[in-house]
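Note sheet for the following structure.
The values are calculated or read from the model by the stated rules, or taken from the named source; none is laboratory data. Predicted model, so just to flag it, every value in this text is computed and none were measured. As a convention, Cβ positions derive from the backbone with ideal geometry for all residues, glycine included, and neighbour counts pool all protein chains shown. Keep in mind that these areas ignore ligands, DNA and RNA; they rest on the heavy atoms of the full protein, side chains included. Shrake-Rupley method; radii C 1.70, N 1.55, O 1.52, S 1.80 Å.
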Amino acid sequence: MQHSSMLREVFVVDDEYAAREVLTDLLLDSGYSVSSAANGRDALNHLRNSSPPGVSILDLMMPLMDGWEFLEHQSRDPALLDIPVVVLSATPPHQPLRAKAILLKPVQPKELFEMIERFLPPAG
């Protein structure tokens with residue numbers, strides 16, 4: 001069982017503490033393992049020093065390094081390139097993103113789970 005746990009990990013990147021906590025609690029309660037970061041810079045540092053998560057959930061509007069800049073850095077790093085990213089944003093982005101999918105806030109839990117399950121190996 002242990003070997004698939006990292007692949008069922010969801011990495012949450014959002015500068016809003018409350019939003020990050022709600023998402024983290026929701027995911028933990030549903031059996032995912034969760035890690036998180038408050039901005040793109042912290043997220044890159046975390047990813048470069050940890051086992052890759054199964055999927056990242058990324059907010060776009062953040063201080064220090066926003067979601068667009070994070071995706072740009074990720075796309076140039078071979079070690080991070082294959083981690084699927086689901087963007088969670090209050091407003092639809094105007095330009096194309098290097099993300100697998102975009103969900104608009106406020107997101108419904110069912111919608112969120114269906115989306116991340118596309119990128120995670122089956123539970124069990």
Open item on the list: Please count how many residues of segment 111-124 are open to solvent by less than 60 Å² (accessible area, probe 1.4 Å) and in a helix (DSSP H, G or I).
Closed with: 4
Open item on the list: If a residue must be among the polar types (S, T, N, Q) and part of a strand (DSSP E or B), how many such residues does segment 24-36 contain?
Closed with: 3
Open item on the list: Consider segment 37-53. How many of its residues are assigned to a loop (DSSP other than H, G, I, E, B) and more than 9 Å from the chain's Cα centre (by Cα)?
Closed with: 6
Task: Meets criteria (in contact (Cβ under 8 Å) with a residue 40 or more places away in the chain, open to solvent by 20 Å² or more (accessible area, probe 1.4 Å), under 22 Å from residue 118 (Cα atoms) and not small (Gly, Ala, Ser)) for residue 20 - done: no
- [ ] Please determine, by comparing only the residues of segment 54-74 that are part of a helix (DSSP H, G or I) and not aromatic (Phe, Trp, Tyr), which one is nearest to residue 93 (Cα to Cα).
- [x] 67
Open item on the list: Suppose we keep only residues that are part of a loop (DSSP other than H, G, I, E, B) and over 11 Å from the mean Cα position of the chain (by Cα) within segment 1-23. Which one would you say is modelled with the lowest pLDDT?
Closed with: 1
TODO: Quick one: residue 77 ticks every box in (1) open to solvent by 60 Å² or more (accessible area, probe 1.4 Å); (2) part of a loop (DSSP other than H, G, I, E, B); (3) acidic (Asp, Glu) except a single one, so which number is it?
DONE: (1)
- [ ] Considering only segment 23-61, state which residues are out of contact with any Asp or Glu (no Cβ under 9 Å at 6 or more places or on another chain), open to solvent by 70 Å² or more (accessible area, probe 1.4 Å) and of a type in the set (A, V, I, L, M, F, W, C).
- [x] 28
Open item on the list: For segment 100-110, give me each residue that is surrounded by 11 or more Cβ atoms within 10 Å (Cβ to Cβ) and closer than 15 Å to residue 22 by Cβ.
Closed with: 103, 105, 107, 109
Open item on the list: Return the residues of segment 80-90 that are closer than 23 Å to residue 27 by Cα and either in a loop (DSSP other than H, G, I, E, B) or open to solvent by 70 Å² or more (accessible area, probe 1.4 Å) (or both); say none if nothing qualifies.
Closed with: 80, 82, 83, 84, 90
TODO: Answer with yes or no whether residue 71 is under 13 Å from the mean Cα position of the chain (by Cα), more than 21 Å from residue 107 (Cβ to Cβ) and open to solvent by less than 60 Å² (accessible area, probe 1.4 Å).
DONE: no
